[in-house]
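First up is the structure itself, then whatever we jot down about it.
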Amino acid sequence: MKTNPGRDERFPRDHRLTTSTAFRKVFAAPLRYRGSGYLVLFRANPTGPARLGLAIAKKCARRAVDRARLKRIARESFRRHRDRLHGWDIVVLCVPAAPTMSNERLFASLERAWMTIENQTCVAS
């Protein structure tokens, strides 16, 4: 009997960037990955788990349904790979073409971003 099905698919608070200070640190000196659907900014955080912040602007995706879909895909992809991304603070932004892209292409774009981050050497900031 499963006591807690789907436990790995949670997105707990300690895996999120929740404060403006945390976002500012990433924006101040990021490493970058630009894929076809997302711009991913990341910075080493050697003291904790991988944390994700989303900055999906209206300027990029006008309709709320598009912004929600882009956020949902980014969260789901991050949840699947967060164990491999330990020690990084990550901010995901969309590019203007993202709302018209298929879910598969968006997931593939993030897969490449996670591989890029995973291959970086984690140096203390």
Legend entry - 10 Å beta-carbon shell around Ser36, net charge (K/R +1, D/E -1): +3
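Summing +1 for each Lys or Arg and -1 for each Asp or Glu, what net charge is found among the other residues whose Cβ lies under 13 Å from the Cβ of Lys59? The partial results should precede the final answer.
Working: positive: Lys58, Arg62, Arg63, Arg67; negative: Asp66.
Once all neighbours under 13 Å are counted, the net charge is +3.
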Inset, instruction - At a temperature of 25 °C and a viscosity of 0.890 mPa s, determine how fast the chain diffuses translationally according to Stokes-Einstein, using the Kirkwood radius over alpha-carbon pairs as Rh; express D in µm²/s, rounded to the nearest whole number. - result: 166 µm²/s
Inset, instruction - Place a +1 charge on the Cβ of each Lys and Arg in the chain and a -1 charge on the Cβ of each Asp and Glu, then give the dipole magnitude about the Cα centre in debye, rounded to the nearest 20. - result: 500 debye
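Throughout, read-outs are computed from the coordinates displayed, never taken from laboratory work. It should be emphasised that the depicted structure is a prediction, and the values quoted were computed from it without experimental measurement. When we count neighbours, we look across all protein chains shown, and the Cβ atoms used for this are built from the backbone with ideal geometry, even at glycine.
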